[in-house]
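Notes for the one structure printed next.
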Amino acid sequence: MHDAPALPLTRRRVLQSLAAAGGCALLPSKLFAAGSWQPKSGDEAFLDDLERQGCLFFWEQGSDKTGQVLDRARNDLNGSRDPRRMASIAATGFGLTALCIADKRGYLPHAQIVDRVRTTLDWHLNKFPEVHGFFYHFSDIETGERVKGVELSSIDTSLLLCGVLTAHAYFSDPKIKSLATQIYERVDWPWMLNGGKTFSMGWHPDSGFLDARWEHFCELMMIYLLAIGSPTHPVGGEYWLNWTRPVIHFKEFTYISGNDPIFTHQYSHAWFDFRNKRDKYTNYFENSITATRAHKAFCLSYPKWYNEDYWGVSASDYQGGYTAWGGPPPQGPLDGTVVPNASAGSLAFLPVDCIAVQRAMRDKWGKRAWGRYGFVDAFHPAANWYDPDVLGIDQGISVLMAENLRTGLVWNTFMRNPEPTRAMQSAGFHATA
């Protein structure tokens, strides 16, 4: 879900009045499955820096004409937009959600945020190329022209839709609500099944549907729930049962997981609230807690590279370009690089451990690894390599999960839409004690 050269490695896979914003008060989130979180001195200030600077990325690296957000940008800019023009619909989805956070926390002016959200939704409904309601993965940020060779993407469209529905629930503005509703209701989910029992990962205008399908546990949960919850073109709740749930065993940890990076345990959880509920297979929130613990233990099993103050690997840039790496089991060309969004994206699952490593890394390497938009995408101090870029989806998962830890804002807002709740009920979810 990053830049074009990375396609073979990806998974073709603000405080305003409640009346004006339509949001919820900034109160501590309810207890997490891992227990209550008691912030230590400096934790809230750190998280506020992470969120404020991350939201700034989505504002400065978004177009005021289209609302699209760049896939990546340099982290040493001074408020200007990166000259690269490739936008990502997934980054735009994270960006719409980040604008809700920025509005609630007063990071940016309310009127300007509302105008940007309206512009974004209007562009995507009325001007941006689509096929059966699905969008191309990457496009020119100002014209919307498809980047050559990229697919119409089911997962990236879903990430955009999660942002669209968050804006729909958060803002009381009638135009925003109308535009968001139309974007979601236009998506023809059965078409993306292409006659199968699982969703295709995408479609090319020249060659048709991709052979690869969303058929085993990963970030796919949002696709199925959005489709099941659709009021216009739904698939049945039984489709939730059609993807496999392989089990990983690592040290003392046993949990459902694909052979994939840690972000697959984070993305659907950024919006869908899986806390205190389960389906016939598992409690997915608890499952992601276990996956995060296992990932930390996996990193620490390489003591020459990682320690308590330096761990976490997810799909990211590295010295050789871009790779999908992590573990357990080991994936990709592991070399001791650290990827900050790996732990930031799990803040809501394992807050004490994840805040500790985040703060330790900024304290030690902040002058080189922390810039205008927060952490760079990845860095490797032993090799004296610090990525010059930040990536939109990696900043996005960091910002959203930090806010979910602090207040549950994204969960509480997104789940006010009736469709997610209806979808989870249809898929067989029920409350746990």
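Quick one: putting +1 on the C-beta of Lys and Arg, -1 on the C-beta of Asp and Glu, what dipole do you get for region 4-431 around its Cα centre, in Debye to the nearest 20?
Numbers: 42 positive and 44 negative charges, 102 e Å.
In debye, rounded to 20, region 4-431 gives about 500.
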For n ≥ 4 DSSP H runs only, could you compute -39500 (n - 2.57) per run for the chain, divide by its residues and tell me the 222 nm figure to the nearest 500?
-12500 deg cm²/dmol
In this structure, among Lys175/Lys277; Lys251/Lys304; Lys40/Lys364; Lys251/Lys280; Lys296/Lys364, pairs with alpha-carbon gaps over 22 Å are Lys175/Lys277; Lys251/Lys280
Using the number of other C-beta atoms within 10 angstrom as an exposure proxy, rank Ser346, Ser426 with the fewest first.
Ser426, Ser346
Pop a pseudo-label 7 angstrom from the Cα along the beta-carbon direction at both Ser80 and Lys367 and give the gap in nm to one decimal.
2.6 nm
Read-out semi-axes √(5λ) of the Cα gyration tensor in Å, derived from the coordinates shown; its label in (1) 28, 25, 23; (2) 35, 34, 19; (3) 61, 23, 19:
(1)
In sequence order, what are the phi-derived ³J(HN,Hα) couplings for region 97-112 according to the Karplus relation 6.51 cos²θ - 1.76 cosθ + 1.60 with θ = phi - 60°, rounded to whole Hz, with x for glycine and proline?
5, 4, 5, 5, 5, 4, 5, 4, 8, x, 5, 9, x, 4, 5, 5
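List the chymotrypsin sites (Phe, Trp or Tyr not before Pro) in region 278-308 that DSSP assigns to loop (not H, G, I, E or B) and whose Cβ has at most 11 other Cβ atoms within 10 Å. Which are they?
Values: sites: Tyr281, Tyr284, Phe285, Phe298, Trp305, Tyr306; in loops: Tyr281, Trp305, Tyr306.
In loop regions of region 278-308 (DSSP not H, G, I, E or B), there are no sparsely surrounded chymotrypsin sites (Phe, Trp or Tyr not before Pro).
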Among the aspartates and glutamates, which fall within straight-line cross-link reach of Lys197, defined as a Cα-Cα distance under 16 Å, with same-chain neighbours fewer than 8 residues apart omitted?
Asp188, Asp211, Glu215, Glu238
Pairwise label distance in nanometres, Val247 with Glu308, each label 7 Å out on the Cα-Cβ vector:
3.2 nm
Under 24 Å from the Cα of Lys177, which lysines turn up, not counting those fewer than eight places away in the same chain?
Lys65, Lys104, Lys127
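Read-outs throughout are calculated quantities, based only on the coordinates presented, and are distinct from any laboratory measurement. Not measured: the values here are computed from a predicted model. Cβ atoms come from the backbone with ideal geometry, glycine included; neighbour counts cover every protein chain shown.
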